[in-house]
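Written out below as structure tokens is the structure these notes cover.
The values are calculated or read from the model by the stated rules, or taken from the named source; none is laboratory data. Everything numeric in this text was worked out from a predicted model, so none of it was measured. Note: ideal-geometry Cβ built from the backbone for every residue, glycine included; neighbour counts use all protein chains shown.
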Amino acid sequence: MHQLLLMRHAKSSWDDPNLSDHARPLNRRGRAAAITMREAMRELGLAPDVVLVSSALRTLQTLEALEPWDDSPLVEPMDTLYLATPTQLLQALRAVSETTRSVLLLGHNPGLHELAMHLVGPQAMTLANPLTRRLAEGYPTGALVEFAIPGPWHVLDEGGGRLTRFLAPRDLPEPTA
């Protein structure tokens, strides 16, 4: 059984209109939210073996706020994950080594939300399940979803994940430090 963590970057700044979208940094609220998510991930024991991260500044800064890890994961910044489609995200995940137990993919909407919905699959997308209902409602900045992946990475596809957790910064207490 594999673990897949899909995380959307934290809240970014729109203060400088001269910056390209790719170069937008996190804002103060985003940095605080990422720290909140780091604490929650530690408390829950969510520690990836591999991190696939978009090369955009806001995703890299979100990852930086999640560090340090107890065991340093292999981090792969990838240009192809910047504003990637669900198909592009799946391609990146299918290329992960089968020996990798846990992957954190840190990216952007709408692709990340669409990928999560794809992994849940239409059969499991019942509004009776509070996790899938929550996922269907949206994927806010800084949110993290966890999937159990029973099959091999290279065949991951629609309905190939069991949604086990949905965390958003607004659900969590402020950081203690």
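Overview of values
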{"read-out": "Cβ-Cβ under 8 Å pairs, at least 6 apart or on other chains, the stretch 19-31 side more than 19 Å from Asp79 (Cβ to Cβ) and touching a residue at least 40 places away in the same chain (Cβ under 8 Å), far side surrounded by 14 or more Cβ atoms within 10 Å (Cβ to Cβ) and among the small types (Gly, Ala, Ser)", "value": "Gly30/Ala10; Gly30/Ser12; Gly30/Ser13; Gly30/Gly142"}
{"read-out": "Count - residues of the stretch 138-177 that are modelled with pLDDT of 95 or more, under 30 Å from Ser13 (Cα atoms), β-branched (Val, Ile, Thr) and out of contact with any Ser or Thr (no Cβ under 9 Å at 6 or more places or on another chain)", "value": "0"}
{"read-out": "Enumeration of residues in the stretch 62-87 that are touching a strand residue (DSSP E or B) at 6+ places or on another chain (Cβ under 7 Å) and among the small types (Gly, Ala, Ser)", "value": "Ala84"}
{"read-out": "Extreme residue, modelled with the lowest pLDDT, among residues of the stretch 127-137 that are farther than 25 Å from Arg38 by Cβ and surrounded by 12 or more Cβ atoms within 10 Å (Cβ to Cβ)", "value": "Asn129"}
{"read-out": "Criterion (within 20 Å of Glu146 (Cα to Cα), touching a Ser or Thr at 6+ places or on another chain (Cβ under 8 Å) and either among the hydrophobic types (A, V, I, L, M, F, W, C) or at pLDDT 95 or above (or both)) met by exactly one of Val75, Val103, Val96, Val53", "value": "Val53"}
{"read-out": "Residue count for the stretch 1-31, restricted to those that are part of a loop (DSSP other than H, G, I, E, B) and surrounded by fewer than 15 Cβ atoms within 10 Å (Cβ to Cβ)", "value": "8"}
{"read-out": "Of all residues making up the stretch 136-170, the number that are closer than 17 Å to Thr62 by Cβ and either touching a Cys at 6+ places or on another chain (Cβ under 7 Å) or in a helix (DSSP H, G or I) (or both)", "value": "2"}
{"read-out": "Filtered residues of the stretch 72-109 (kept if within 15 Å of Leu60 (Cα to Cα) and in a strand (DSSP E or B))", "value": "Leu74, Val75, Glu76, Pro77, Met78, Leu104, Leu105, Leu106, Gly107"}
{"read-out": "The stretch 69-84 residues that are of a type outside the set (Gly, Ala, Ser), paired with ones that are surrounded by fewer than 16 Cβ atoms within 10 Å (Cβ to Cβ) (beta carbon under 6 Å, 6 or more apart)", "value": "Pro77/Ser55; Asp79/Ser55; Tyr82/Ser55"}
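Yes or no, residue by residue, for (1) more than 13 Å from the chain's Cα centre (by Cα); (2) within 26 Å of Asn27 (Cβ to Cβ); (3) buried (at least 23 other Cβ atoms within 10 Å of the Cβ):
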residue: Ala47; (1), (2), (3): no, no, no
residue: Thr62; (1), (2), (3): no, yes, yes
residue: Glu76; (1), (2), (3): yes, yes, no
residue: Arg101; (1), (2), (3): yes, no, no
residue: Asn109; (1), (2), (3): no, yes, no
residue: Ala116; (1), (2), (3): no, yes, yes
